[in-house]
Amino acid sequence: MAPLSTDLLVIGGGATGAGVAFDAALRGFDVVLVDRADLAEGTSGRFHGLLHSGGRYVVKDPNAAIECIGENRIVREIAADAIEDTGGFFVSTPWDDPAYADRFAQGCADTGVDCEEIPVAQALREEPRLNPDISRAFRVPDANVDAWKLVWGLARGAQERGGRILTYHEVVGVHREGDEVTGARVRDARTGDELDVEAAMTVNAAGAWAHHIAEMAGIEGVRILPGRGIMIAMNHRLVNTVVNRCQSPTDGDILVPIRTVSVIGTTDVHTDDPDDHTVLQDEVDAMLDDGEKLVPGFKRARALRVWTGVRPLFEDAKEEGTDTRDVTRAHAILDHVERDGVKRFLTITGGKLTTYRLMAKDAVDAVCAQRGETRPCTTSTAVLPGSADRGPYLLGERLERKEEHLRDDQLVCECEMIARSKLEEVMRRRATTNLDDIRRSLRLGMGPCQGGFCIPRATGILHAMNGMSHEEANASLLGFLRERWKGVWPILYGDQVRQARLDDWIFQGVLDVEHLPG
Ligand SMILES: Cc1cc2nc3c(=O)[nH]c(=O)nc-3n(C[C@H](O)[C@H](O)[C@H](O)COP(=O)(O)OP(=O)(O)OC[C@H]3O[C@@H](n4cnc5c(N)ncnc54)[C@H](O)[C@@H]3O)c2cc1C
């Protein structure tokens, strides 16, 4: 196949890579972005969902806090469609060091994180399920962020300026000529075809996998400490505000309301393999106990699903066995000219989803510097496609829209309020038969039924629309079910067993999925 030629090859389609592609396209670069899977299928789509105010870091990592609050203010403006402005509380529970609250308030003042102490009674009025024994409460500008909307908004912004986005294209080799990186070889995961991308500059934004890419470029010693964390989605919005425990960051201390569910997280365990998604029963039990500390009765809600993500924590100088919680959440740009004598190649890693824009800006500034050019960054004011002329997402807005035209359109997913016309529009736009890709675009099957009711319908619609064979439709359905099951079986207890049994009957009893030809 003829090689692609570009100014800038970006490896990795998470928030960082998509941010780099958008930033560079705005500065007039021709861009190709490749990801081994769908966009945001790495850590960006497996995170906790929090647009940090910075409060979490004010005591332990003030620089990270300063970056977070600065970016929080910008991202709300440029990516409103991806944000729900829930606000956030930091609350002192009986398990937290009471002295931490004053250090927290001082840290917020020192780092510029907006913070107001409010009476406990006020916090409990706003969040009646909160533990009534909390002793202090602070309000901060936390929010939730839909990573898929954000990352696809960035990708579409790059595409509108000529950028090419190649999903399911894995980098299998990085090309070097002497001391210069000249591009990469990518393999299409769906067809097996290989393609060379020739690039004037290559940015490695492969997150927790960045060291593999650096090794392919012949660069040793890029040390990523992958930190694995679990999160559990509960079947209700137990709170409407992000609730953090007011203590030094630890496990299970944040509860984030996201659309119809709330998500408790997280842990931080060193792993050698960024593709390690092991969930330990002890971690699940401890996480549910932590939920009880914030919201008594937490465990009586139904745990829908558990998943893990792997933090790309970078630290050059740390010794083996570092506790990943002690590694800074700040980001790092590795300019491989300075570091390794290798030109036309940069690695951007570390950081948080909240700070993706700043990371991208620093990376593209470094690209310009290597090329000896000055091209100013404009992403602090460039509104993403989908976010122009609109405010943040409001809970219930899908229902409100639906109720205006109640009888006009079939409802395919009751949990996430997805109408048939919207589903068909996204199926056409994504041009994929992979129902998991559709899930990420619309949150299809992510609510309390976990696909039990909507996925048979969605498969039928996909089948009819695309003129697929029944074997292909069956394969799409089975692929989706296998993927969902991975997150359901580790938390099968109580009411979730009943729901899983019901779903099983729908799939086995009605469709006999185990014997579908496919
Ligand atoms: C448990 C957990 C909870 C978190 N919660 C929050 C939070 O609430 N708020 C927040 O701001 N941050 C949070 N973070 C941090 C945040 O999620 C990450 O810092 C951020 O998503 C990293 O984005 P990225 O684009 O750098 O990496 P990724 O999103 O992982 O993107 C890297 C991409 O590279 C691709 N790739 C890998 N190898 C190859 C290859 N050979 N060829 C092509 N592509 C390749 C991968 O498929 C992947 O899509 C959390 C992290 C974890 C682990």
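Some values worked out for this structure:
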quantity: Residue-wise HN-Hα coupling along the range 187-198, computed from phi with Karplus coefficients 6.51, -1.76, 1.60 (Hz; x: Gly, Pro); calculated: 10, 6, 5, 8, 10, x, 5, 10, 9, 9, 10, 8
quantity: Alpha-carbon Debye profile of the range 131-246, log10 I(q)/I(0) at 0.09, 0.13, 0.21, 0.22 Å⁻¹; calculated: -0.46, -0.79, -1.32, -1.37
quantity: Whole-number D in µm²/s for the range 397-452 (Stokes-Einstein; Kirkwood sum over Cα pairs; 37 °C, 0.692 mPa s); calculated: 282
quantity: Residue (of HIS470, SER380, ILE165) at the positive-pole extreme of the chain, dipole from beta-carbon charges; calculated: HIS470
quantity: Karplus (6.51, -1.76, 1.60) ³J(HN,Hα), θ = phi - 60°, over the range 473-481, in Hz, Gly and Pro reported as x; calculated: 5, 4, 5, 4, 4, 5, x, 4, 4
quantity: The range 397-515: projected area of the alpha-carbon convex hull, averaged over directions, in nm²; calculated: 7.8
quantity: Largest-first ellipsoid semi-axes for the chain, taking √(5λ) over the Cα gyration tensor eigenvalues, angstrom; calculated: 34, 31, 21
quantity: Mean Cβ count within 10 Å, highest first, over the residues of peptides 334-346, 207-219; calculated: 207-219, 334-346
quantity: For the range 14-145, alpha-carbon Rg over 2.2 N^0.38 Å; calculated: 1.27
quantity: Fraction of the pair-distance distribution of the range 458-518 above 15 Å, Cα-Cα pairs, percent; calculated: 55
quantity: Charge dipole (the range 139-218, unit charges on Cβ, about Cα centre) - positive-most of ALA155, GLY192, VAL174; calculated: ALA155
quantity: Dipole of the range 397-515 [Lys/Arg +1, Asp/Glu -1 at C-beta], most positive-end residue of LEU444, LEU511, VAL412; calculated: LEU444
quantity: The range 397-515 - charge dipole about Cα centre, Lys and Arg +1 at Cβ, Asp and Glu -1, debye rounded to 20; calculated: 240
quantity: Computed magnitude of the charge dipole of the chain (debye, nearest 20; Cβ of K, R +1, Cβ of D, E -1); calculated: 1300
quantity: Label-point separation in nm, LEU280 to MET465, each point 7 Å along Cα→Cβ; calculated: 4.3
quantity: Distance in nm between pseudo-label sites at ARG501 and ASP409 (7 Å out along the Cβ direction from Cα); calculated: 3.7
quantity: Placed amide H near ARG311: partners under 5 Å, 5+ positions off or other chain; calculated: GLY227, ARG228, GLY229
quantity: The range 144-208: GluC sites (Glu not before Pro) falling in loop per DSSP and having at most 16 other Cβ within 10 Å; calculated: none
quantity: Computed [θ] at 222 nm, helices only, for the chain once each DSSP H run of length n ≥ 4 contributes -39500 (n - 2.57); calculated: -10500 deg cm²/dmol
quantity: Dipole in debye (nearest 20) - the range 69-127, about Cα centre, beta carbon charges: Lys, Arg +1; Asp, Glu -1; calculated: 60
quantity: Amide H contacts under 5 Å for THR182, placed H, 5+ residues apart; calculated: HIS175, ARG176, GLU177
quantity: Span from the the range 369-412 Cα centroid across to the the range 177-197 one, whole angstrom; calculated: 33
quantity: Disulfide-incompatible cysteines by the Cβ rule (no partner under 4.7 Å) in the chain; calculated: CYS68, CYS246, CYS368, CYS377, CYS415, CYS449
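A short reminder: the numbers here are calculations on the coordinates, not readings from a lab. All values derive from a computational prediction rather than experimental measurement. All Cβ positions, even for glycine, are placed from backbone atoms using ideal geometry, and neighbour counts span all protein chains on display.
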